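Novice: Sending over a structure as structure tokens; questions will come in a sec.
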Amino acid sequence: MRTIIAGVLAVGLAVVATGPSDAASKKRYYYYDSYSQKYPYATPRQLRNARAYDQAGQYFEVDSNAFPVGSRGWWEMKRLEEGSRRR
């Protein structure tokens with residue numbers, strides 16, 4: 001019984017001593033997001049739609065409220081919405 005306890009304690013001590021496990025020791029990676037830089041006031045939903053609109057084949061919502069104000073997608077959706085009102 002003593003050998004089992006001693007073995008478990010030895011393994012536990014080895015696991016604890018192998019390296020630091022606190023969050024401060026981990027590297028944080030930051031990446032440049034041009035959409036967040038251009039539209040700092042936009043919601044995550046609006047940024048996601050702006051990225052998807054600019055990339056071919058991506059899904060985006062067809063609603064001007066789903067884009068940051070002044071973006072290419074916002075202008076296109078406003079044009080489409082205005083065209084549907086005139087008819």
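Coordinate-derived values only; no laboratory data. Bear in mind the structure is a predicted one, so any value in this text is a computation, not a measurement.
Novice: When averaged across all projection directions, what area in nm² does the alpha-carbon convex hull of segment 43-87 cover?
Specialist: 3.1 nm²
Novice: In whole Hz, with x marking every Gly and Pro, tabulate ³J(HN,Hα) for segment 67-76 from phi via Karplus 6.51 cos²θ - 1.76 cosθ + 1.60, θ = phi - 60°.
Specialist: 10, x, 4, x, 6, 4, x, 5, 5, 5
Novice: Short version: ³J(HN,Hα) in whole Hz for each residue of segment 57-62, in order, from phi by Karplus 6.51 cos²θ - 1.76 cosθ + 1.60 (θ = phi - 60°), x for Gly and Pro, what are they?
Specialist: x, 8, 7, 9, 6, 8
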